[in-house]
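What follows is one structure encoded as structure tokens, with my remarks underneath.
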Amino acid sequence: MAWALKLPLTDEVIESGLVQDFDASLSGIGQELGAGAYSMSDVLALPIFKQEESNLPPDSENQILPFQYVLCAATSPAVKLHDETLTYLNQGQSYEIRMLDNRKIGELPEITGKMVKSIIRVVFHDRRLQYTEHQQLEGWRWNRPGDRILDLDIPMSVGIIDPRANPTQLNTVEFLWDPSKRTSVFIQVHCISTEFTMRKHGGEKGVPFRIQIDTFKGNDNDEYTEHLHSASCQVKVFKPKGADRKQKTDREKMEKRAPQEKEKYQPSYETTILTECCPWPEVTYVNNSPSPGFNSTHNSFPVAEGNGSPNHQPEPVVQVADNLLPTATPQDAQQWLLRNRFSPFCRLFTNFSGADLLKLTREDVIQICGPADGIRLFNALKGRVVRPRLTIYVCQESQQAREQQQPKQENGDAAANTFFVYHAIYLEELTAVELTEKIAQLFNISPRQINQIFKQGPTGIHVLVSDEMIQNFQDEVCFVLDTMKDDTNDGYHIILK
């Protein structure tokens with residue numbers, strides 16, 4: 001009986017001890033969290049989370065997206081939970097993207113009843129390939145002349161207006177559309193993922209792409225520059241019917257997995273919803289930049305009008321057109337990259353100053369930009385000038401005659417001090433038209449005023465200068481220019497002596 005009475009007491013002691021231990025455990029947890037050693041902000045500061053966080057625009061958690069883009073293609077079932085979806089596409093097949101207006105009543109009233117512009121791009125998902133995107137696309141253009149990476153299937157599209165495809169941007173298309181009306185755009189991707197992998201033994205794994213859509217609204221001048229929304233998704237492109245086979249293979253692999261393993265993977269959805277992302281940085285394409293090494297700042301001999309080539313703008317002096325200085329700020333360095341046609345690498349060198357870029361070695365630049373653009377960038381950084389194909393020196397005969405008519409002193413010092421001023425003419429095309437333009441600059445007249453150019457031959461004969469004759473000129477040859485007035489018009493004949 002005594003033992004029976006003691007039993008509750010023992011239970012009370014045990015229960016009291018358990019409660020104390022549990023309280024101590026909770027107290028310890030609170031102390032650890034209070035110290036901040038495992039705070040969520042510290043966890044998110046890890047590099048792996050920083051990399052993912054950089055792809056998202058700020059303050060997007062509670063923001064209702066104005067638009068939604070849906071790619072009508074099934075997602076892969078072989079993607080783990082919390083990973084980005086992956087969609088397989090067939091090369092050249094038309095896929096629908098539904099452009100949906102997701103605005104609430106009264107949201108963005110300034111675009112109500114107006115058009116917006118959307119730009120669709122196919123870009124690299126791998127950051128390593130993003131840094132060499134220009135080189136990769138140029139290589140693809142070389143291997144597939146006349147083809148585009150991304151096209152619009154205009155007959156199947158609905159609600160798009162003024163579709164455009166820039167010939168210089170093979171991976172970009174754009175169009176206008178009214179958010180209040182049903183809009184579906186059909187796209188075709190003509191490159192496959194394995195075209196950008198290192199060829200080794202066949203059967204290599206293809207690189208993923210991203211389909212990104214950026215939407216802008218217009219201003220009073222009908223310029224669509226104000227960003228509204230951007231979204232993208234991850235895709236892989238296979239040869240025709242390859243995407244269907246890959247989807248079937250992934251589905252069969254998942255069916256063979258244990259139920260516990262299947263729970264770690266996402267289900268396959270019939271459509272792909274593009275997720276919000278940062279807008280793609282606009283790239284300025286400089287198409288009218290001067291040829292390397294030629295300076296357009298010399299205005300001593302302007303050409304008013306003439307019959308020269310419209311793409312050729314001759315200058316009498318070969319100099320470095322645009323040198324990057326060590327004192328250049330990162331903003332100045334960005335502008336220098338744009339002016340010298342290195343816009344694909346602006347994002348990579350965002351925080352580089354002039355001194356940072358000039359410190360890069362040839363090996364560094366080639367490793368970052370690839371062989372072709374790397375060598376070009378290194379030469380531009382070092383200010384290397386491209387030598388002209390032909391250099392000739394000319395002196396006006398009237399100037400030479402004035403020098404010779406100077407009174408000679410008895411001790412002969414005047415003859416020793418006499419010198420003639422020659423002007424250098426640099427030729428690239430080695431044509432008579434180009435030589436005419438350069439001489440017209442020298443005389444500060446229009447090329448139309450030069451009727452013919454002759455070269456004085458044996459016994460004083462005048463030989464008409466042709467393209468073939470110029471191509472046989474010796475480099476750095478010297479000529480004395482003599483001018484003859486044409487009696488029939490206001491033009492001149494030039495004689496090279």
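Worth pointing out:
- Full extension of the chain segment joining ARG182 with LEU108 gains 24.8 nm, where the gain is 0.36 nm per residue of separation less the Cα-Cα distance.
- Integer Hz, Karplus 6.51/-1.76/1.60 couplings in order for segment 275-281, x for Gly and Pro: 9, 5, 8, 6, x, 6, x
- Protection proxy ranking of 329-338, 483-492 - average other beta-carbon atoms within 10 Å, highest first: 329-338, 483-492
- Probe 1.4 Å - accessible area at GLU263, Å² to nearest ten: 140 Å²
- A cut-off of 5 Å between modelled amide H atoms, ignoring neighbours fewer than 5 places along the same chain, links ALA73 with THR272.
- Proximal lysines relative to LYS205, as straight alpha-carbon distance under 24 Å, when same-chain residues fewer than 8 apart are discounted: LYS80, LYS236, LYS239, LYS241, LYS246, LYS248, LYS253, LYS256, LYS262, LYS264
- Derived scalar couplings between HN and Hα for segment 168-173 equal 8, 10, 5, 10, 9, 9 Hz in order, rounded to whole Hz, by the Karplus curve 6.51 cos²θ - 1.76 cosθ + 1.60 (θ = phi - 60°), x for Gly and Pro.
- Reach of LYS359 by Cα under 20 Å, taken over lysines that are not fewer than 8 positions away in the same chain: LYS382
- A full extension of the chain between GLU226 and THR350 corresponds to an added length of 42.4 nm, given 0.36 nm per residue minus the alpha carbon distance.
- Summarising the amide proton neighbourhood of ASP153: residues at separation of 5 or more, or on other chains, whose placed amide H is nearer than 5 Å comprise PHE186, ILE187, GLN188.
- Rounded to whole Hz, the Karplus (6.51, -1.76, 1.60) HN-Hα couplings of segment 156-161, x for glycine and proline: 8, 6, 10, x, 8, 10
- When peptides 230-236, 462-468 are ranked by their average number of other Cβ atoms within 10 Å per residue, the highest-first order is 230-236, 462-468.
- Between LEU358 and LEU464, the modelled labels are 5.2 nm apart [label points 7 Å from Cα along Cα→Cβ].
- Cross-link reach list, lysines versus LYS497, counting only Cα pairs under 24 Å and skipping chain neighbours closer than eight places: LYS438, LYS455, LYS485
The values are calculated or read from the model by the stated rules, or taken from the named source; none is laboratory data. Since we're looking at a predicted model, the values are computed, not measured. Backbone-built Cβ (ideal geometry, glycine too); neighbour counts: all protein chains shown. The area values use the complete protein model at the heavy-atom level, side chains included, leaving out ligands, DNA and RNA. Shrake-Rupley method; radii C 1.70, N 1.55, O 1.52, S 1.80 Å.
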